[in-house]
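Chemist: So that we are looking at the same thing, I have put the structure below in structure tokens.
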Amino acid sequence: MCASAKYNTRGPALIPRMKTKHRIYYITLFSIVLLGLIATGMFQFWPHSIESSSDWTVEKRSVHDVPVVKLPPDSPIPERGDLSCRMHTCFDVYRCGFNPKNKIKVYIYSLKKYVDEYGMLVSNTISREYNELLTAISDSDFYTDDVNRACLFVPSIDVLNQNTLRIKETAQALAQLSRWDRGTNHLLFNMLPGGPPDYNTALDVPRDRALLAGGGFSTWTYRQGYDVSIPVYSPLSAEVELPERGPGPRRYFILSSQMALHPEYRSDLEALQVENRESVLILDKCTNLSEGVPSVRKRCHKNQVFDYPQVLQEATFCIVLRGARLGQAVLSDVLQAGCVPIVVADSYVLPFSEVLDWKRASVVIPEEKMPEMYSILQSIPQRQIEEMQRQARWFWEAYFRSMKAIALATLQIINDRIYPYAAMSYEEWNDPPSVKWSSVSNPLFLPLIPPQSQGFTAIVLTYDRVESLFRVITEVSKVPSLSKLLVVWNNQNKNPPEDSLWPKIRVPLKVVKTTENKLSNRFFPYDEIETEAVLAIDDDIIMLTSDELQFGYEVWREFPDRLVGYPGRLHLWDHEMNKWKYESEWTNEVSMVLTGAAFYHKYFNYLYTYKMPGDIKNWVDAHMNCEDIAMNFLVANVTGKAVIKVWTFTLYIHFKVCQVGMRFRGCQALLQLARSAF
Amino acid sequence: MQTRKKYIFITFFASWLLLFFFGGDQIRRLAFLSRKKATVLKNWPRWTDRSLLKSFADPEELQSDGGHHKQSAKARRESRINIYKHSRCRMETCFDFSRCEKHGFKVFVYPMEREDPVSESYLKIITSIEESRYYTSNPEEACLFILNIDTLDRDHLSIQYVHNINDKIQGFPLWNDGRNHLIFNLYSGTWPNYTEDLGFDIGQAILAKASFYVENFRPGFDISIPLFSKEHPQKGGERGWLYQNSVPPKKKYMLAFKGKRYLTGIGSDTRNALHHIHNGKEIISLTTCKHGKDWEKHKDTRCDKDNLDYEKFDYQELLHNSTFCIIPRGRRLGSFRFLEALQAACIPVLLSNGWELPFSEVIDWSKSAIVGDERLLLQPCWIDELLAARVMKAVSISPQIIKDRLFLRESRPKFLWNTLPGGLLALPEYSTHLGDFPFYHLQHGSSPSGKFTAFIRAVSPVVSLSQPILKLIQAVSRSQHCAQILVLWSCEKPPPPRGRWPQTAVPLTVIHGRRKVSDRFFPYSAIGTDAVLSLDEHTSLSTSEVDFAFVVWRSFPDRIVGFPMRSHFWDSSQSQWGYTSKWTNEFSMVLTAAAFHHRYYHSLFTNYLPASLRSLIDQLSNCEDILMNFLVSAVTKLPPIKVTQKKQHQEAAPQSAAVSSGNLHFSQRQDCLNRFAAWFGYMPLVHSQLRLDPVLFKDQVSVLRKKYRHLEKP
């Protein structure tokens, strides 16, 4: 629109300059320009359309169409895995560098088909699970397609199951990757390591310095702090939906569902069943199933047939015995069923044991102690069993559920090692969401009683009531432990009185002028506050004696993480209105103290200003009200503790009721708002 | 002209339109494409036939795990024991569990021999083990053995180096190739390589060593301990240097280091780099070249200036005034700085590649080291309480870890170790469930049970119906929170028959004790609730008082909440602790004659405190309440809580006793106070100045509106 308007103004100006003779000349000129334009237009159009359509075909290719790479028989083989590798010796952290998001960048090599010199395939091109895993990485924040910016490289060569590949040729394929460099910063995923007859506990493919995310590590092959132990994925978990079952006693106490157990173990288990009869159930493969029924979904005990994995939900504890390998897919099924796994596999490094606290979700029993299993489990208190059941299910949901969960947990662990200062905490890894919601981690958790000598800083928020302000200052300055007085001057239209007019007091007095008349200025973490304790006091509170204030400070010292104040309030659940209401009548309970006169830790100033959830702070500033309720909510939410009301002699509260009555309505709205925010 | 004009006009118009159409479109398209190129990654392709891909393993194969394997489990275990020895030891191959089955976890220390004096530090280790509850003097029932040879310093240039250890240990009949032995070591190897070789064959013994290198560390078997100095106190010790919760931390310096700069040799590359970050303002990194005898030989250009700067700052002052402290490796991986920084509440920034951090099996160091979150400043301090303050603790952690490995079902989750009050004070024998302890309710999002058990200790026979104990039972049983009443019968005469007890709404059970005062805090299985209301037979309480005190206790489940208070003070004239029952403005103890506490403290009292203290109070028939206050304050580091009461309780002196015996009783208590403080190594009691009252207590409103109105009735 703009351009054509311009033309209209320019057009008439050109016309008078034209001559009739040159008409044809002009017309030809224009036609040439026109043609040229069309040509360039077409030219510009063409390659883009080709490119975008080619992108499109890459997305929709078939796995069978990937390029084939022929491995010459003499191509190099990487060295065997180096058992002494650790992050600081074998990993190049400089590739990851410093980055503001503290996220490592992961590159995935494009898929190729490797064949030996005779054209025989080296391995299956890619399995369904590995494809899911790579897709998950590619969709995650970790992914980059720029090989030069990458910090971690994931080959697309599928080594999940060692039995489906040719070891030497796979190693050769790894060695010819473009950034292999002795396997530095390469990550391989393997779930089924080793092969008959001795079943090694780590992938046998020579891999030099590459990191291994492996299922079934033993403590001898696991390089602590370098490798990542991952679970063996159970494809059943995608097929079968097991709804979460509430914790509690179940029909069987101990259940064993594994097939093909070693006869020695089986005889141990059967002895257990003979001893404890009904409460123990030992299942085995079904021998007489009719045709068409998949044997993996059924288990039998004598002639009874059970559905697997549904039967796992009937048991409190489920045995996860080692087989030829240490890592077992059944662990995933057991966790999904919310059954507490009894892991009997000596020296097994449990999945993600670097970050997960398995003691909260499982029982590990040495193989030698198998016969005593029953009595060991009997000694676990019921409440703890219930917690373990919940924890087991949560582990499955968070870290076992899909290949995606496994892949992301693995990358997060490596990420945590590289950026330890941004690592996820123990609680973030281990606490199920229900605990995360209901628990509080008090920032002031140390049981310290601050030294009395430090004193407190009084903060008076004022607008223009100078006379009453001066009286408050004089009163407060009589308190022995006062170390500084801070007046927050919230009136921009008027300057505070001159220095000479202020009352002379024995402690330093500072006046802070604010730029905006906001209530939250009262709770701003001013640099002037040097003491831990802060006394917030209104400029009209003159009825508190210095003894009362001093005692309030002493009380605060013993409860430094609480609000300690004088006038109390209560919130109540109003059944008729179906919402929270605010109560200022004389009651037997207190849930809030007004910040018209209250001691609190200065850290809460910081929290109020920067960490207040939701838009509560803006609401308070907009309505010029309820900042005290917001503060009470904040402190209670962070510490999980109640306020402390200090007894006063004066009838201060009556005075205040009228004011609160006026603000009553607005604050109710805040209560609603806060409930949704916390 | 008109037509021509029209022509030209139209042509112009058309060409402009076309230009706009193509050009504009092109430009827009170009911009669009290039922006798209920048954001859209070349993702992993979505294969057309991805649903046809085969699974990585056949489900049958996955569930039956490759069919039957030939090797039997027993044979595999035996062959494993033969293969995985020495540097590849694990608990299941190198440790004899059977020794620990019969007698539980007992530690035997080889008896001291005259001719082999051990160093002070090693003596401290041994004494603290001998004082602990795990010690046994009988090697037959021992599960873990500790040598009497000083193995702390294995630097063979050192004076304390003990020669010919190999011959000595081979001569021990109990050695058994080191199985079930625990060896302590602080220094190993020497100039120039500082290898981690101990100079003797440790066989299959567990090594508790400072400065462990990850590769030599046998996971789940060895223990990494912090390096502590000779002056390190055995118990008690200086408290952590953190008196206040100053968040966000504002200290003078952000990052500090003061130490030697190695010019050559191992560790020099780390230390050589440190002076680069020094900026003289918030980052202080001071190095000196003065080190060893021949430093002048290697000295470089900056040495002289650095040496000058170095003298300007005091090490202790830097530690206390800095937020972060650099802990680089020395010649060995660990250094004293680590504990020093923790004690000074300075967040350690570790620059020591491959150092297996002390007690890393249980302590989550990511919470207190390296990281720069504002709340982290607070964390080191109490870990320091766990580690730095006492050798005793540092040493007793080691057996604890081993013990945890042995008794799997009783092992405690990592959470216990990393939250207050720390793993040593959370006894797994009591429970393994977090909710059963008084400390974790908030973090765990749970709350203590809503009922209490009244626990009355009766020492005199019931003769008349007006005896206070009967009134007390009735008053307590009327409380809405009361679940049951237990009477601990500690009298020679048999208790009265069922019918003589008052009729109560809650069950009343009589337990027969051993007639000792320590019975009062025995963890009876009959106590089914978290809260215990401990009462003396002379106590008189009203139902309102009990109700209110219980409500308060629910807010402070880890403390003692009660009525009668006492205080302690430092008597400088006799330079000992004094005990007072006078009315003062502060108190530090609440008598258990009428107090709520968590039942966990019964377990702690019986299992954590040494038998010597318990037998002391049994002999005196006194002081059990003082000891309980000591214990709870030592655990929580906080004072008990006093609540309102209507009547005042006098010291529970026997009614018939004369004034002289009252005095004796009092001096005994004073004596107890000092003895307990000696065992704890410091005075755990904390003073408090406040009393908790119900909200409307003494307010000028109608008594009828008050919930606990009986408190105010005359």
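The values are calculated or read from the model by the stated rules, or taken from the named source; none is laboratory data. Small disclaimer: the values here were computed from a predicted structure and weren't measured. Note that we place each Cβ from the backbone using ideal geometry, even for glycine, and neighbour counts take in every protein chain shown.
Chemist: Can we say B:Ser575 is more than 26 Å from A:Phe551 (Cα to Cα), hydroxyl-bearing (Ser, Thr, Tyr) and either touching a Leu at 6+ places or on another chain (Cβ under 6 Å) or at pLDDT 90 or above (or both)? Steps first, answer last, please.
Modeler: Values: more than 26 Å from A:Phe551 (Cα to Cα): yes; hydroxyl-bearing (Ser, Thr, Tyr): yes; either touching a Leu at 6+ places or on another chain (Cβ under 6 Å) or at pLDDT 90 or above (or both): no.
Against the criterion (more than 26 Å from A:Phe551 (Cα to Cα), hydroxyl-bearing (Ser, Thr, Tyr) and either touching a Leu at 6+ places or on another chain (Cβ under 6 Å) or at pLDDT 90 or above (or both)), B:Ser575 does not qualify.
Chemist: Ok, one more. Among (1) at pLDDT below 75; (2) farther than 30 Å from A:Glu129 by Cα; (3) within 51 Å of the chain's Cα centre (by Cα); (4) not hydrophobic (A, V, I, L, M, F, W, C), which single condition is B:His69 missing?
Modeler: Going through the list (1) at pLDDT below 75; (2) farther than 30 Å from A:Glu129 by Cα; (3) within 51 Å of the chain's Cα centre (by Cα); (4) not hydrophobic (A, V, I, L, M, F, W, C), B:His69 breaks only (2).
Chemist: What do you reckon, is A:Ala202 of a type in the set (Gly, Ala, Ser), more than 9 Å from chain B (Cβ to nearest Cβ) and in contact with a His (Cβ under 8 Å, 6 or more places away or on another chain)? Spell out the reasoning first.
Modeler: Working: of a type in the set (Gly, Ala, Ser): yes; more than 9 Å from chain B (Cβ to nearest Cβ): yes; in contact with a His (Cβ under 8 Å, 6 or more places away or on another chain): no.
For A:Ala202, the condition - of a type in the set (Gly, Ala, Ser), more than 9 Å from chain B (Cβ to nearest Cβ) and in contact with a His (Cβ under 8 Å, 6 or more places away or on another chain) - is not met.
Chemist: Take the residues in region A:493-525 that are touching a residue at least 40 places away in the same chain (Cβ under 8 Å) and in contact with a Ser or Thr (Cβ under 9 Å, 6 or more places away or on another chain), then tell me which one is nearest to A:Trp619 (Cα to Cα). Spell out how you get there, then give the answer.
Modeler: Here is the first cut: in region A:493-525, the residues touching a residue at least 40 places away in the same chain (Cβ under 8 Å) are A:517-525.
Of the ones still in play, those that are also in contact with a Ser or Thr (Cβ under 9 Å, 6 or more places away or on another chain) are A:520-525.
Numbers: A:Ser520: 10, A:Asn521: 14, A:Arg522: 15, A:Phe523: 15, A:Phe524: 16, A:Pro525: 19 Å.
Checking each candidate, the answer is A:Ser520.
Chemist: The conditions are (1) surrounded by fewer than 22 Cβ atoms within 10 Å (Cβ to Cβ); (2) within 30 Å of A:Leu188 (Cβ to Cβ); (3) more than 8 Å from chain B (Cβ to nearest Cβ), and A:Ala392 fails exactly one of them. Which is it?
Modeler: All conditions pass for A:Ala392, except number (1).
Chemist: Next question, about the same structure. If the requirement is being on the phi < 0 side of the Ramachandran plot and away from chain B (no Cβ under 13 Å), which of these qualifies: A:Asp333, A:Asp307?
Modeler: On the way: A:Asp333 fails: away from chain B (no Cβ under 13 Å).
Answer to the check: A:Asp307.
Chemist: Residues to consider are A:Gly338, A:Gly323; find the one that is of a type outside the set (Ser, Thr, Tyr) and away from chain B (no Cβ under 14 Å). Even if it seems obvious, please write down each step before you answer.
Modeler: Numbers: A:Gly323 fails: away from chain B (no Cβ under 14 Å).
Selected residue: A:Gly338, the only one of A:Gly338, A:Gly323 that is of a type outside the set (Ser, Thr, Tyr) and away from chain B (no Cβ under 14 Å).
Chemist: Looking only at region B:101-117, which residues are hydrophobic (A, V, I, L, M, F, W, C) and under 13 Å from B:Leu182 (Cβ atoms)? Working first, answer last.
Modeler: From region B:101-117, those hydrophobic (A, V, I, L, M, F, W, C) are B:105, B:107-109, B:112; that's our starting set.
If the condition is that a residue be hydrophobic (A, V, I, L, M, F, W, C) and under 13 Å from B:Leu182 (Cβ atoms), then B:Phe105, B:Val107, B:Phe108, B:Val109 are the ones that fit.
Chemist: So, one more: Within 30 Å of B:Tyr608 (Cβ to Cβ), among the β-branched types (Val, Ile, Thr), out of contact with any Asp or Glu (no Cβ under 7 Å at 6 or more places or on another chain) and surrounded by 14 or more Cβ atoms within 10 Å (Cβ to Cβ), is that true of B:Ile146?
Modeler: Working: within 30 Å of B:Tyr608 (Cβ to Cβ): yes; among the β-branched types (Val, Ile, Thr): yes; out of contact with any Asp or Glu (no Cβ under 7 Å at 6 or more places or on another chain): yes; surrounded by 14 or more Cβ atoms within 10 Å (Cβ to Cβ): yes.
Considered against the rule, which asks whether it is within 30 Å of B:Tyr608 (Cβ to Cβ), among the β-branched types (Val, Ile, Thr), out of contact with any Asp or Glu (no Cβ under 7 Å at 6 or more places or on another chain) and surrounded by 14 or more Cβ atoms within 10 Å (Cβ to Cβ), B:Ile146 comes out as yes.
Chemist: Can you tell which of A:Ile137, A:Ile157 is away from chain B (no Cβ under 11 Å) and either small (Gly, Ala, Ser) or at negative phi (or both)? Quick ask: steps written out before the conclusion?
Modeler: Details: A:Ile137 fails: away from chain B (no Cβ under 11 Å).
After applying the criteria, what remains is A:Ile157.
Chemist: Of the residues A:Gly338, A:Gly323, A:Gly327, which is in contact (Cβ under 8 Å) with a residue 60 or more places away in the chain, of a type outside the set (A, V, I, L, M) and closer than 20 Å to A:Leu272 by Cα? Give the steps one after another, and end with the answer.
Modeler: Details: A:Gly338 fails: closer than 20 Å to A:Leu272 by Cα; A:Gly327 fails: closer than 20 Å to A:Leu272 by Cα.
Step by step, each of A:Gly338, A:Gly323, A:Gly327 is checked, and only A:Gly323 is in contact (Cβ under 8 Å) with a residue 60 or more places away in the chain, of a type outside the set (A, V, I, L, M) and closer than 20 Å to A:Leu272 by Cα.
Chemist: Name the pairs: first residue in region A:386-407 and closer than 27 Å to A:Tyr107 by Cα, second residue in a loop (DSSP other than H, G, I, E, B) and of a type in the set (Val, Ile, Thr), Cβ to Cβ under 6 Å, at least 6 apart or on different chains?
Modeler: Pairs found: A:Ile406/A:Ile230.
Chemist: Filter region A:222-231 down to the residues that are among the polar types (S, T, N, Q) and at pLDDT 90 or above and list them by number. Even if it seems obvious, please write down each step before you answer.
Modeler: Just the residues of region A:222-231 that are among the polar types (S, T, N, Q), to begin with: A:224, A:229.
Across region A:222-231, the qualifying residue is only A:Ser229.
Conditions tested, residue by residue: (1) polar (S, T, N, Q); (2) on the phi < 0 side of the Ramachandran plot; (3) more than 10 Å from chain B (Cβ to nearest Cβ); (4) not in a helix (DSSP H, G or I).
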position	(1), (2), (3), (4)
A:Asp346	no, yes, no, yes
A:Pro351	no, yes, yes, yes
A:Ile376	no, yes, no, no
A:Glu386	no, yes, no, no
A:Tyr399	no, yes, yes, no
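Chemist: Same structure again: Restricted to region A:113-123, and to residues that are within 14 Å of chain B (Cβ to nearest Cβ) and under 22 Å from A:Gly183 (Cα atoms), which residue is surrounded by the fewest Cβ atoms within 10 Å (Cβ to Cβ)? Write out each step before concluding.
Modeler: Looking only at region A:113-123, we keep the residues that are within 14 Å of chain B (Cβ to nearest Cβ), and these are A:113, A:121, A:123.
With the extra rule that they be under 22 Å from A:Gly183 (Cα atoms), the set shrinks to A:113, A:123.
Working: A:Lys113: 19, A:Ser123: 21.
Applying the filter and picking the extreme gives A:Lys113.
Listed here are the residues, each with its yes/no results for (1) touching a residue at least 24 places away in the same chain (Cβ under 8 Å); (2) crowded, with 19+ Cβ neighbours inside 10 Å.
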{"residue": "B:Asn82", "(1), (2)": "no, no"}
{"residue": "B:Gly104", "(1), (2)": "yes, no"}
{"residue": "B:Tyr110", "(1), (2)": "yes, no"}
{"residue": "B:Ser119", "(1), (2)": "yes, no"}
{"residue": "B:Ser128", "(1), (2)": "yes, yes"}
{"residue": "B:Glu131", "(1), (2)": "yes, no"}
{"residue": "B:Glu140", "(1), (2)": "no, no"}
{"residue": "B:Asp150", "(1), (2)": "yes, yes"}
{"residue": "B:His163", "(1), (2)": "no, no"}
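Chemist: When only residues in region A:219-231 that are among the β-branched types (Val, Ile, Thr) and under 17 Å from A:Phe395 (Cα atoms) count, which is farthest from the other protein chains (Cβ to nearest Cβ)? Show your work before the answer.
Modeler: To start, the set of residues in region A:219-231 that are among the β-branched types (Val, Ile, Thr) comprises A:219, A:221, A:228, A:230.
From what is left, the residues that are under 17 Å from A:Phe395 (Cα atoms) are A:228, A:230.
Working: A:Val228: 15, A:Ile230: 13 Å.
Ranking the candidates gives A:Val228 first.
Chemist: Sort out which residues of region B:561-588 are within 14 Å of chain A (Cβ to nearest Cβ), outside any strand (DSSP E or B) and closer than 28 Å to B:Ser449 by Cα, and write them in order of number.
Modeler: Within region B:561-588, B:Ser588 is the sole residue that qualifies.
Chemist: Also: Sort out which residues of region A:232-251 are modelled with pLDDT of 85 or more, more than 12 Å from chain B (Cβ to nearest Cβ) and buried (at least 19 other Cβ atoms within 10 Å of the Cβ), and write them in order of number.
Modeler: Selection gives A:Arg250 alone.
Chemist: What residue, of B:Gly354, B:Gly330, B:Gly372, is at pLDDT below 70 and farther than 21 Å from A:Ser425 by Cα? Talk me through it step by step, then tell me what you get.
Modeler: Values: B:Gly330 fails: at pLDDT below 70; B:Gly372 fails: farther than 21 Å from A:Ser425 by Cα.
When all the criteria are applied, what remains is B:Gly354.
Chemist: Can I ask one more? Out of all the residues in region A:499-529, which are over 11 Å from A:Asn605 (Cα atoms) and small (Gly, Ala, Ser)?
Modeler: Listed by number, the list holds a single entry, A:Ser500.
Chemist: Could you please give the count of residues in region A:605-640 that are small (Gly, Ala, Ser) and either without any contact (Cβ under 8 Å) to a residue 24 or more places away in the chain or in a helix (DSSP H, G or I) (or both)?
Modeler: Residues in region A:605-640 being small (Gly, Ala, Ser) and either without any contact (Cβ under 8 Å) to a residue 24 or more places away in the chain or in a helix (DSSP H, G or I) (or both): 3 in total.
Chemist: Still on this structure, I have one more. Whether any residue in region B:49-56 is more than 7 Å from chain A (Cβ to nearest Cβ), closer than 30 Å to A:Asp139 by Cβ and of a type in the set (A, V, I, L, M, F, W, C) is what I want to check. Step through it out loud before you land on a result.
Modeler: Here is the first cut: in region B:49-56, the residues more than 7 Å from chain A (Cβ to nearest Cβ) are B:51-52.
From the residues that got through so far, the ones that are closer than 30 Å to A:Asp139 by Cβ too are B:51-52.
Then drop every residue that is not of a type in the set (A, V, I, L, M, F, W, C), which leaves B:52.
Yes.
Chemist: Counting only residues that are farther than 17 Å from B:Thr453 by Cβ and touching a Leu at 6+ places or on another chain (Cβ under 7 Å), how many does region B:518-544 have? Steps first, please.
Modeler: Let us first name the residues in region B:518-544 that are farther than 17 Å from B:Thr453 by Cβ, namely B:518, B:538, B:540, B:542, B:544.
Then drop every residue that is not touching a Leu at 6+ places or on another chain (Cβ under 7 Å), which leaves B:540, B:544.
Within region B:518-544, residues that are farther than 17 Å from B:Thr453 by Cβ and touching a Leu at 6+ places or on another chain (Cβ under 7 Å) number 2.
Chemist: Now for a different question. Where in region A:403-488 are the helices (runs of 4 or more DSSP H), entirely inside, with at least 2 residues that are within 12 Å of chain B (Cβ to nearest Cβ), modelled with pLDDT of 80 or more and more than 20 Å from A:Leu549 (Cα to Cα)?
Modeler: Of the helices (runs of 4 or more DSSP H) lying wholly inside region A:403-488, those with at least 2 residues that are within 12 Å of chain B (Cβ to nearest Cβ), modelled with pLDDT of 80 or more and more than 20 Å from A:Leu549 (Cα to Cα) span A:403-418, A:426-430.
Chemist: How many of the residues making up region A:353-366 are in contact (Cβ under 8 Å) with a residue 40 or more places away in the chain and either in a strand (DSSP E or B) or facing another protein chain (nearest Cβ under 7 Å) (or both)?
Modeler: 3
Chemist: While we're here: Considering each of B:Gln484, B:Gln480 in turn, give the residue that is in a strand (DSSP E or B) and of a type in the set (S, T, N, Q). Write out each step before concluding.
Modeler: Numbers: B:Gln480 fails: in a strand (DSSP E or B).
So the residue among B:Gln484, B:Gln480 that is in a strand (DSSP E or B) and of a type in the set (S, T, N, Q) is B:Gln484.
Chemist: Checking the condition surrounded by fewer than 18 Cβ atoms within 10 Å (Cβ to Cβ) and in contact (Cβ under 8 Å) with a residue 60 or more places away in the chain, which residue from A:Ser140, A:Ser110 passes? Step through it out loud before you land on a result.
Modeler: Values: A:Ser110 fails: in contact (Cβ under 8 Å) with a residue 60 or more places away in the chain.
On inspection, the qualifying residue turns out to be A:Ser140.
Chemist: With respect to the numbered conditions (1) more than 26 Å from A:Leu160 (Cβ to Cβ); (2) within 11 Å of another protein chain (Cβ to nearest Cβ); (3) within 38 Å of the chain's Cα centre (by Cα), which one is the sole condition not fulfilled by A:Phe317?
Modeler: Every listed condition holds for A:Phe317 apart from (2).
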